[in-house]
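*Asks:* After the structure tokens below, expect a handful of questions from me.
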Amino acid sequence: MFENETKHEIFERYVIGLTAIIVGITIAIISIFGPLFLDIIKYASSESAITQGMGQDLVNLVLITPICLIGGVLYLSKRDSAKYFLILVPLYSLFYTGLAYGLFPEWSHPIYTGNSEQYSILFYIVIIGSLILLLSTLSMFSPEDAPEFDRRNLTIYIMLMTIFLILFAFMWIGEYLEVLSTGDTSTESYSEAPTIFWVIRYFDLGITVPLGFIGLYLLYTRTTQAYPIMLLFFGFFVTISTAVVGMAIVMLLKSDPNLQPGGLILFPILSLLAWAGLFYLIKEKLPWFTK
């Protein structure tokens with residue numbers, strides 16, 4: 001991938017590598033300056049929404065930031081393994097860090113105050129950097145990178161993942177229909193923070209779940225041709241599902257009444273399936289793997 005680099009390819013390598021490092025550092029700053037630690041960045045939202053953000057900040061700090069930094073350093077060092085790190089983060093950091101953090105405050109709600117708009121430059125950096133990584137990582141892969149898959153095991157995995165994606169969608173659709181029919185959820189989470197309610201439902205029902213089904217379809221029908229796209233999708237599933245588990249844990253520790261009991265079972269299973277799928281895609285690239 002790095003042989004006989006032209007001048008513009010050298011320039012692009014430095015841009016991409018440094019972008020990944022900058023995105024990782026920026027996400028770390030957002031996490032540390034937020035309510036999880038220093039509480040300098042204050043979000044105008046409900047206590048429950050802020051609690052969920054603390055869980056996501058924790059995952060961003062211990063998982064997303066290291067992935068960005070490792071991928072960036074490896075790419076600057078001309079290591080082919082860099083692409084397997086860099087492709088994991090663009091969709092998640094674009095939608096669930098840059099956009100979600102910038103959009104979820106309830107600025108029009110009369111009882112909430114905050115100052116997150118003063119730190120909007122951090123969210124813009126993550127959004128722009130994520131777009132650069134999103135457009136650049138797919139071209140790093142070739143058809144030769146795709147391993148061979150056992151069709152029987154692949155079919156079993158796809159069936160399991162499909163079941164839990166459907167359950168996840170129905171859980172969100174149930175709350176969506178409840179709000180449309182009654183004006184609120186049973187826990188009153190909608191009236192507390194309507195903006196974050198719609199942001200999450202639009203992202204999950206409009207992006208996460210459809211990408212899940214598209215990724216599974218491509219995994220079964222175009223395994224070799226769609227390999228980099230599948231890595232992009234499963235990187236998104238791994239990061240977002242891990243973040244949701246982090247949110248659920250913090251909500252549980254803080255006895256948040258908006259925590260759905262079913263989520264404590266469903267989200268960890270989805271996360272395990274996402275990690276299993278990612279491992280299945282890259283296992284032959286791991287140094288300790290032997291056929």
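The values are calculated or read from the model by the stated rules, or taken from the named source; none is laboratory data. Everything numeric here is computed off the predicted structure, so don't read it as measured data. When we count neighbours, we look across all protein chains shown, and the Cβ atoms used for this are built from the backbone with ideal geometry, even at glycine. Each accessible area value is taken on the protein alone, full model and side chains, heavy atoms only, with ligands, DNA and RNA left out. Shrake-Rupley method; radii C 1.70, N 1.55, O 1.52, S 1.80 Å.
*Asks:* What are the pairs, 6+ residues apart or on separate chains, where a residue within region 246-263 that is under 19 Å from Tyr190 (Cα atoms) has its Cβ under 6 Å from a residue that is modelled with pLDDT of 95 or more and among the small types (Gly, Ala, Ser)?
*Replies:* From region 246-263, the pairs are Met247/Gly55.
*Asks:* May I pose another question? Just to be sure, is Leu252 part of a helix (DSSP H, G or I), out of contact with any strand residue (DSSP E or B) (no Cβ under 6 Å at 6 or more places or on another chain) and open to solvent by 30 Å² or more (accessible area, probe 1.4 Å)?
*Replies:* The answer is yes for Leu252.
*Asks:* In addition: Which numbered condition trips up Ser120, out of (1) assigned to a helix (DSSP H, G or I); (2) free of Cβ contacts under 8 Å to residues at least 12 places away in the same chain?
*Replies:* (2)
*Asks:* Hey, Pro210 hits all of (1) open to solvent by 10 Å² or more (accessible area, probe 1.4 Å); (2) in a helix (DSSP H, G or I); (3) touching a Leu at 6+ places or on another chain (Cβ under 8 Å) but one; which does it fall short on?
*Replies:* Pro210 satisfies every listed condition except (3).
*Asks:* Looking at (1) crowded, with 18+ Cβ neighbours inside 10 Å; (2) closer than 30 Å to Ser45 by Cα; (3) not charged (D, E, K, R), which is the only condition Leu205 fails?
*Replies:* Exception for Leu205: condition (1).
*Asks:* Please find, within region 52-68, the residue that is surrounded by the fewest Cβ atoms within 10 Å (Cβ to Cβ) out of those that are over 15 Å from Asp39 (Cα atoms) and in contact (Cβ under 8 Å) with a residue 40 or more places away in the chain.
*Replies:* Ranking the qualifying residues of region 52-68, first place goes to Pro66.
*Asks:* Could you please give the count of residues in region 143-185 that are of a type in the set (Asp, Glu), assigned to a helix (DSSP H, G or I) and under 26 Å from Ala226 (Cα atoms)?
*Replies:* Within region 143-185, residues that are of a type in the set (Asp, Glu), assigned to a helix (DSSP H, G or I) and under 26 Å from Ala226 (Cα atoms) number 2.
*Asks:* Still on this structure, I have one more. What residue, among those in region 69-84 that are of a type in the set (A, V, I, L, M) and open to solvent by less than 70 Å² (accessible area, probe 1.4 Å), is nearest to Leu134 (Cα to Cα)?
*Replies:* Ala82
*Asks:* Quick one: count up the residues across region 187-196 that are part of a helix (DSSP H, G or I), open to solvent by 50 Å² or more (accessible area, probe 1.4 Å) and either in contact with a Cys (Cβ under 7 Å, 6 or more places away or on another chain) or not acidic (Asp, Glu) (or both).
*Replies:* Number satisfying all stated conditions: 1.
*Asks:* Within region 266-275, is there a residue that is closer than 17 Å to Ile158 by Cβ, open to solvent by 20 Å² or more (accessible area, probe 1.4 Å) and not in a helix (DSSP H, G or I)?
*Replies:* no
*Asks:* Any idea how many residues of region 157-186 are among the β-branched types (Val, Ile, Thr), over 17 Å from Val244 (Cβ atoms) and either open to solvent by less than 80 Å² (accessible area, probe 1.4 Å) or at pLDDT below 90 (or both)?
*Replies:* The total comes to 4.
*Asks:* Quick test for you: out of Ile30, Ile70, pick the one residue that is hydrophobic (A, V, I, L, M, F, W, C) and under 20 Å from Tyr112 (Cβ atoms).
*Replies:* After applying the criteria, what remains is Ile30.
*Asks:* Please indicate, with yes or no, whether at least one residue in region 85-103 is at pLDDT 95 or above, open to solvent by 40 Å² or more (accessible area, probe 1.4 Å) and more than 20 Å from Phe203 (Cα to Cα).
*Replies:* Yes, region 85-103 contains a residue that is at pLDDT 95 or above, open to solvent by 40 Å² or more (accessible area, probe 1.4 Å) and more than 20 Å from Phe203 (Cα to Cα).
*Asks:* Further question: For region 218-235, enumerate the residues that are buried (at least 17 other Cβ atoms within 10 Å of the Cβ) and not in a helix (DSSP H, G or I).
*Replies:* Within region 218-235, Thr223, Ala226 qualify.
*Asks:* Any residue at all in region 18-40 that's surrounded by fewer than 19 Cβ atoms within 10 Å (Cβ to Cβ), touching a Lys or Arg at 6+ places or on another chain (Cβ under 6 Å) and touching a residue at least 60 places away in the same chain (Cβ under 8 Å)?
*Replies:* no
*Asks:* What's the number of the only condition in (1) part of a helix (DSSP H, G or I); (2) surrounded by fewer than 17 Cβ atoms within 10 Å (Cβ to Cβ); (3) in contact (Cβ under 8 Å) with a residue 40 or more places away in the chain that Val199 fails to meet?
*Replies:* The single condition Val199 does not satisfy is (2).
*Asks:* Moving to a separate point now. Go through region 112-125 and count every residue that is open to solvent by less than 80 Å² (accessible area, probe 1.4 Å), hydrophobic (A, V, I, L, M, F, W, C) and farther than 20 Å from Glu12 by Cβ.
*Replies:* 2
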